[in-house]
């Protein structure tokens with residue numbers, strides 16, 4: 001079987017997202033495990049390698065072949081991002097602001113439809 005091609009990120013099982021972040025995933029049997037979102041493709045590839053070592057994958061399936069032990073892979077992998085209560089509150093606040101902005105857009109569109117004489121070209 002030929003080796004798996006590396007994607008546009010340059011690493012195995014690392015994908016770029018439209019928002020500029022990178023996601024990493026690994027397959028375990030028929031299950032695809034998401035490893036999270038990372039600021040760089042390099043960080044995502046390091047996380048993939050740490051998971052691959054944990055699942056006892058051969059080194060030929062790794063992104064960085066200069067890592068020789070599981071402990072070394074764990075040490076150089078980025079720490080997992082912890083979701084805090086402050087992160088959740090910030091997300092909820094942004095969602096509320098987004099809903100308000102969408103309602104404002106709908107109200108303005110309705111106003112323009114009903115009162116075209118008030119709209120300056």
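Just so it is clear, none of the values below were taken in a lab; they were calculated from the coordinates. Being a predicted model, the structure only gives us computed values, none of them experimental. Cβ: placed from backbone, ideal geometry, glycine included. Neighbour counts: every protein chain shown.
Quick check on the chain: helices-only [θ] at 222 nm, where DSSP H runs of length 4 and up contribute -39,500 (n - 2.57) each and the sum goes over total residues. Nearest 500, please.
-14000 deg cm²/dmol
Compute the relative contact order of the chain as a whole-number percentage, counting only Cα pairs closer than 8 Å that sit 6 or more residues apart in sequence.
Value for the chain: 14 percent.
Enter the mean projected area of the convex hull around the alpha-carbon atoms of the range 46-115, in nm², rounded to one decimal.
So the Cα hull casts an average projection of 8.2 nm².
Give the angle, between 0 and 90 degrees and rounded to the nearest 10, that separates the Cα long axis of helix 41-54 from the longest principal axis of the Cα atoms of the chain.
For helix 41-54, the angle is close to 50 degrees.
Let me understand the range 14-76 better: what is its radius of gyration from the alpha carbons, and its Dmax, in angstrom?
For the range 14-76, the Cα-based Rg and Dmax read 11.5, 34 Å.
Out of (1) 72, 37, 26; (2) 53, 52, 26; (3) 55, 24, 16, which label holds the value of Cα extents along the principal axes in Å that was computed here?
Working out Cα extents along the principal axes in Å from the coordinates points to (1).
Can you work out the FRET efficiency for the pair residue 91 and residue 54, with r the C-beta to C-beta distance and R0 = 30 Å, to the nearest 0.05?
0.55
Please tell me the relative contact order of the range 14-76 in percent, rounded to the nearest whole number, where contacts are Cα pairs under 8 Å and at least six residues apart.
It rounds to 25 percent for the range 14-76.
Figure the gain on full extension for residue 107 and residue 37 (residue separation times 0.36 nm, minus the Cα-Cα span) and round it to one decimal in nm.
Extra length available between residue 107 and residue 37 comes to 21.6 nm.
For helix 85-114, report the angle its Cα long axis makes with the longest principal axis of the Cα atoms of the chain; keep it between 0 and 90° and round to the nearest 10°.
It is inclined by approximately 40 degrees.
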